[in-house]
Amino acid sequence: MKPPGTTHPRRPKPPGFTLVEVLVALAIVAVSLISASQVGGAWVLNANRQWQYQLAQVCADNALIALRLSSQLPGMGERSIDCTQAQREMRVVLTVRATPNPSFRRVEAQVFEAQTPLIRVQTVIGRY
């Protein structure tokens, strides 16, 4: 028997983690994985959007270059041109307006994909 007033010797703590520590670690990992997947999704969406705008820019440039290469001043009004780039169907709407100088026309090219406007480009085209 032990004399009164003495304490029991403490048992050594077993190695390993407690349940609370494991649950906290799992919660931290879960939050990290959720945020990483959202960031990855945003990167994919942004890359797709950049590709879409680049293709729309090519369509607008092609339509404007065709106007510049024609030997005459474009007539005023609005016309639509279909454009296919990378298996994507787009529509370029060209709007030609007068300028104060009769030798020039203001041309606006707006590119749509499935009724969604993508870009709008404006330029001035001269008679010669």
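The values are calculated or read from the model by the stated rules, or taken from the named source; none is laboratory data. All figures in this text were calculated on a predicted structure; none of them were measured in a lab. In this analysis, Cβ positions are derived from the backbone assuming ideal geometry, glycine residues included, and neighbour counts consider all displayed protein chains. Ligands, DNA and RNA are excluded from the accessible area calculation, which covers all protein heavy atoms including side chains. Shrake-Rupley method; radii C 1.70, N 1.55, O 1.52, S 1.80 Å.
Observations
- Along the stretch 50-64 the Karplus relation, 6.51 cos²θ - 1.76 cosθ + 1.60 evaluated at θ = phi - 60°, assigns HN-Hα couplings of 4, 5, 4, 5, 5, 5, 5, 5, 5, 4, 5, 4, 4, 5, 5 Hz to successive residues, with x for each Gly and Pro.
- 1.4 Å probe accessible area per residue over the chain, in Å²: 77
- Accessible-area composition of the chain, carbon plus sulfur, in percent [1.4 Å probe]: 61
- Extension gain, Leu45 to Arg68, is 4.8 nm, computed as 0.36 nm per intervening residue step minus the present C-alpha separation.
- Distance between modelled label sites at Asn101 and Leu19, nm, 7 Å Cα→Cβ extension: 8.3
- Between Gln38 and Glu89, the distance separating the two model label sites (each 7 Å from Cα on the Cα→Cβ line) works out to 3.7 nm.
- A quarter of the convex hull surface defined by the alpha-carbon atoms of the stretch 14-128 gives 11.8 nm² as the mean projection.
- Each residue of the stretch 23-36 was assigned a 3J(HN,Hα) from its phi angle through the Karplus expression (A = 6.51, B = -1.76, C = 1.60, θ = phi - 60°), giving 5, 5, 5, 5, 5, 5, 5, 5, 5, 5, 5, 5, 5, 5 Hz with x at Gly and Pro.
- Interchain or long-range residues, amide H under 5 Å from Ile119's placed H: Val111
- MRE, 222 nm, helices only [DSSP H, n ≥ 4, -39500 (n - 2.57), over the chain, to nearest 500]: -15000 deg cm²/dmol
- Sites listed here are trypsin sites (Lys or Arg not before Pro) in the stretch 68-128 whose DSSP assignment is loop and whose Cβ has at most 14 other Cβ atoms within 10 Å: Arg127.
- Additional length obtainable on full extension of the chain from Thr116 to Ile81, 0.36 nm per residue less Cα span: 11.1 nm
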